[in-house]
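Computed from the coordinates by the stated procedures, all read-outs in this text should not be read as laboratory data. Because the structure is a prediction, the values reported are computed rather than measured. Because the Cβ atoms are built from the backbone with ideal geometry, glycine has one as well, and the counts that use them run over all protein chains shown.
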Amino acid sequence: MDVRFGILGTGVVGKTIAARLAGLEHEVMVGTRDPEDTMSRTEPDAEVLKLASEDDFSGKVVIDLSNPLDFSNGMPPSLSVSNTDSLGEQIQRRCPEAKVVKTLHTMNAYLMVDPAQLAGADHSVSVGGNDPEAKASVTHFLRSFGWTDIIDLGDITTARGTEMKLSGWLRLFGALQKPDFNFKIVR
């Protein structure tokens with residue numbers, strides 16, 4: 001099924017997702033003000049959502065891969081929002097007519113698009129969002145990347161817990177000295 005995707009963000013995650021989607025023969029548009037600058041950039045473009053209009057997202061599924069990392073006090077970063085709010089919820093409030101689904105933000109970009117590179121894809125990914133049809137669409141999208149263990153956590157408030165995983169993920173990254181790992185929910 002050929003689907004049109006717009007990628008907001010031109011860092012490693014945006015570029016990796018765009019390349020994988022294009023490889024699956026989807027129509028992909030990467031939004032940028034300066035294409036030449038974007039192609040040479042190695043740092044993420046964190047202000048991208050603020051530049052878009054809420055109407056740009058009305059009725060559309062928004063797959064939120066972002067994390068609220070705050071590097072202002074150095075490494076490891078802390079979370080800029082947690083416990084009673086999440087970046088996923090902030091995006092949903094910013095774009096109330098969008099169908100925001102939080103997923104893929106608890107692993108590195110290369111694992112996001114190719115889960116089979118680790119343990120034959122025998123690990124887990126979650127989805128959270130307010131719209132059941134949007135979560136079903138995102139689950140289909142995740143399966144096209146090779147994900148098999150996809151857990152629907154519930155509404156967008158579940159992003160609070162999954163975003164908080166990042167503190168532990170970053171510590172594991174430091175201890176393992178490589179980002180090629182993920183979580184598996186054994187049940």
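Counting only residues that are surrounded by fewer than 19 Cβ atoms within 10 Å (Cβ to Cβ), charged (D, E, K, R) and touching a Gly at 6+ places or on another chain (Cβ under 9 Å), the stretch 95-151 holds 2 of them. So, W169, is that one more than 22 Å from S86 (Cα to Cα) and among the hydrophobic types (A, V, I, L, M, F, W, C) or not? Taking the combined requirement at face value, the residue does not satisfy it.
Tell me which residues, restricted to the stretch 85-122, are among the polar types (S, T, N, Q) and free of Cβ contacts under 8 Å to residues at least 60 places away in the same chain. Residues satisfying the conditions are Q90, T103. The conditions of being among the polar types (S, T, N, Q) and at positive phi are not met by Q117. Scanning the stretch 85-118 for residues that are touching a strand residue (DSSP E or B) at 6+ places or on another chain (Cβ under 8 Å), β-branched (V, I, T) and farther than 23 Å from S58 by Cβ yields a total of 1.
Of the residues making up the stretch 11-26, just one is farther than 25 Å from G59 by Cβ and in a loop (DSSP other than H, G, I, E, B), namely G11.
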